[in-house]
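Reading through the C-alpha cells given below for one structure.
The values are calculated or read from the model by the stated rules, or taken from the named source; none is laboratory data. Just so it is clear, the model here is predicted, and its values are computed rather than measured. We place every Cβ from the backbone using ideal geometry, glycine too, and count neighbours over all the protein chains shown.
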Amino acid sequence: MRTIPIALLFCLISCYSCQAPKETNYQLDKEGMEWRSLFNGENLDGWRIKISKHELDENFGNTFRVEDNLMKVRYDGYDDFDQQYGHIFFDESFSHYLFRVTYRFVGEQAPGGEGWAFRNSGVMLHGQSPESMTKDQDFPISIEGQLLGGDGENPRPTSNLCTPGTHVEIDGELFTPHCLNSNSKTYHGDQWVAAYFLVLGDSVAHHILEGDTVLSYQKPQYGGGNVSNHDPSAKKDGELIPEGYISLQSESHPIDFQKVEILDLRKYAEDPEALRAALENIGEKLND
C-alpha cells in the first residue's frame, strides 16, 4: 500500500461522495479551521474512564493520570494486569474530523501483560459510548488506530487498523480480518510520534504520519468479533457507523499522550464542495 500525500486527500473525497462537485469555488473560512484541544494538560476534565472488570469512571490503580502536563497511562497500582484493558473516552461524539495525538511509549510492560501488547496502545475511533459498555467488556466496539512501538531491532509499523466488533471496506471489498498493518516506518525507543486520523462519517478514513496517508479504508460498520462480554444490542452487524466516541487505550504498556486535539469538520459534512475546500487546507495543520 503506497503512501498518499495529504495534499491529494481532497481529491479522494469525490470518489466516496454521492453528490457531484459544484461548479463554483468555495471560499473557506480559515478562522474556523482551528485545532480544539481535548486535553487541558492539568486534569482529566471532560474524560470518562472504563476499565474492564470495573465500573464506569472507576480509575482502578490510578491507571490514567496527569503529570508534567502529560496524560499518562501507568501500572504501578497493579499486582497483575489480568486483562484489565482500559479506555479513557472524551465525553462527546464526533462524525467528521481530523484527530491528532502525540504519544510515546516508556518504561516496562505491566506484569501479566500479553506478549502482543508490548509497546501497544490505540486510538479508538467512532466508538460506542462508555455508558453502553458492560462491566466486563474488554474493548469498545470501534475502529482502532493501533499504536505500536518498535523493539529496537525489528520492523513494526504503527497507525495500523484493528476492528473490535467492526468491519470496513478496502477498495470496495469487505475486510473481515481483525488487523491490517499500515505502510509506516518503525518508531523505536521513547521518541514522540504524531499520529493523525482523518475520519469522514461513514464514508472514508485515512491514517496519516509525517504528511503521508499510510492506510485508508471505507464504510466503517458493525460486524465480526474480537470484542467480548458486550451487550449484543450495541452491535448491529452490517449497519454503517456514521459517528462515535474517541478513546485512548490502556493495554499494559506505559504510554504518554501529549497533544490530544481535534479539527471538527462537521459543519462541512453536508456540502461536498465545502468539505473539499476544508481538506485542501488541512495540509498546513499537520505541522502547526
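Brief remarks on what is shown
- Every listed requirement among (1) in a strand (DSSP E or B); (2) out of contact with any Gly (no Cβ under 8 Å at 6 or more places or on another chain) is met by ASP138 save one, (1).
- Here TYR217 fits the description: surrounded by fewer than 21 Cβ atoms within 10 Å (Cβ to Cβ), under 14 Å from the mean Cα position of the chain (by Cα) and farther than 29 Å from VAL66 by Cβ.
- Every residue from segment 248-286 that is closer than 19 Å to SER37 by Cα, assigned to a helix (DSSP H, G or I) and at pLDDT 85 or above: ARG266, LYS267
- Check on VAL123, at pLDDT 95 or above, buried (at least 24 other Cβ atoms within 10 Å of the Cβ) and among the aliphatic types (A, V, I, L, M): yes
- Single residue of VAL101, VAL66 found to be part of a strand (DSSP E or B), free of Cβ contacts under 8 Å to residues at least 40 places away in the same chain and either in contact with a helix residue (DSSP H, G or I) (Cβ under 7 Å, 6 or more places away or on another chain) or over 23 Å from MET133 (Cα atoms) (or both): VAL66
- Within segment 132-153, considering residues that are acidic (Asp, Glu) and either buried (at least 24 other Cβ atoms within 10 Å of the Cβ) or within 19 Å of the chain's Cα centre (by Cα) (or both), the one nearest to TYR217 (Cα to Cα): GLU144
- Tally, over segment 102-120, of residues that are crowded, with 24+ Cβ neighbours inside 10 Å and under 23 Å from LEU265 (Cβ atoms): 1
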